[in-house]
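Peer 1: Quick one: the structure is below, questions incoming.
The values are calculated or read from the model by the stated rules, or taken from the named source; none is laboratory data. Just so it is clear, the model here is predicted, and its values are computed rather than measured. Cβ atoms come from the backbone with ideal geometry, glycine included; neighbour counts cover every protein chain shown. With ligands, DNA and RNA removed, areas are computed over all heavy atoms of the protein, side chains included. Shrake-Rupley method; radii C 1.70, N 1.55, O 1.52, S 1.80 Å.
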Amino acid sequence: MRVLVVEDEEQLAEAVARGLRLHAIAVDVAYDGQEALELAAYVDYDVVVLDRDLPEVHGDEVCRELAGASGASRILMLTAAGRVRDRVGGLSLGADDYLVKPFAFAELVARIRALARRSPRAVPPVLERAGIRLDPARRTVTRDGRQVALGRKEFDVLHELMRAGGGLVTSARLRANVWDEHADAGTGVLRVTITSLRRKLGDPPVIENVPGRGYRL
């Protein structure tokens, strides 16, 4: 699961992010509405934890845009206002759930997990290229009929490469979509993952390195 926490109080945002990571949840953090929209346009989040009172772009507008987008992100709105009309207003903007500050962290985690379980996304298509068959729903990979056992990051990197249909995938895009922003996903980590992926896929090699730019299948 991948979550975007949008909160302009930096200490609170970082505390929430640390706590969620301890529950094995990948977390990115945005401190204003504009940054949140930019991240959400680039990464497909399962749940967005959205503070309502944000600088740059107000949380209400962020909620409207995310709810109207084609993605399947669920929105959990946070606010200090606990009146019924405030809750109704937030839900009418497209939020899926509402949590009043201050909140118990255990309840936040429970609500995030509940939202992530709602309305499963459409089953993604099986991808095939260069003798490789990747099933995103079952997270299985075969090459020329041979089962290939991949680690989670190796699978996600291969998925990104296959989604590109042979086009170039930049190193920055791979790091952003496979690792969360808190992870140490520098060039070295990506290179090691690619090397391991190449070895497991076997010969002939199918992953091309485009120096200084990225990779393609």
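Peer 1: Can Leu20 be described as open to solvent by less than 40 Å² (accessible area, probe 1.4 Å) and farther than 19 Å from Leu115 by Cβ? Working first, answer last.
Peer 2: Working: open to solvent by less than 40 Å² (accessible area, probe 1.4 Å): yes; farther than 19 Å from Leu115 by Cβ: no.
Judged against the criteria, Leu20 is not a match.
Peer 1: Select from segment 23-48 the residues that are part of a helix (DSSP H, G or I), in contact (Cβ under 8 Å) with a residue 24 or more places away in the chain and more than 20 Å from Leu174 (Cα to Cα) and list them in ascending order.
Peer 2: Scanning segment 23-48 gives a single hit, Gly33.
Peer 1: Give all pairs with beta carbons closer than 8 Å in which a residue from segment 4-22 that is under 23 Å from Val57 (Cβ atoms) meets a residue that is of a type in the set (S, T, N, Q); count only pairs at least 6 apart in sequence or on separate chains.
Peer 2: Leu4/Ser73
Peer 1: Can you go through Gly71, Gly90, Gly94, Gly82 and tell me which one is at pLDDT below 90 and crowded, with 22+ Cβ neighbours inside 10 Å?
Peer 2: Numbers: Gly71 fails: crowded, with 22+ Cβ neighbours inside 10 Å; Gly94 fails: crowded, with 22+ Cβ neighbours inside 10 Å; Gly82 fails: crowded, with 22+ Cβ neighbours inside 10 Å.
Testing whether each residue is at pLDDT below 90 and crowded, with 22+ Cβ neighbours inside 10 Å leaves just Gly90.
Peer 1: Which of the residues that make up segment 15-45 are closer than 21 Å to Glu65 by Cβ, small (Gly, Ala, Ser) and over 14 Å from the mean Cα position of the chain (by Cα)?
Peer 2: Gly33
Peer 1: Would you pick out the residues in segment 49-70 that are among the aliphatic types (A, V, I, L, M) and either assigned to a helix (DSSP H, G or I) or free of Cβ contacts under 8 Å to residues at least 12 places away in the same chain (or both)?
Peer 2: Within segment 49-70, Val62, Leu66, Ala67 qualify.
Peer 1: Find the residue count for segment 145-164, including only residues that are farther than 22 Å from Gly212 by Cβ and open to solvent by less than 50 Å² (accessible area, probe 1.4 Å).
Peer 2: The qualifying residues number 8.
Peer 1: Now, a different point. What about Val57, is it at pLDDT 85 or above and crowded, with 20+ Cβ neighbours inside 10 Å? If you could, list the steps in order and put the result at the bottom.
Peer 2: Values: at pLDDT 85 or above: yes; crowded, with 20+ Cβ neighbours inside 10 Å: no.
In short, no.
Peer 1: Let me ask something additional. Which one of these does Thr142 not meet: (1) exposed (fewer than 14 other Cβ atoms within 10 Å of the Cβ); (2) at pLDDT 90 or above; (3) more than 30 Å from Ala17 (Cα to Cα)?
Peer 2: Here Thr142 clears every test but (1).
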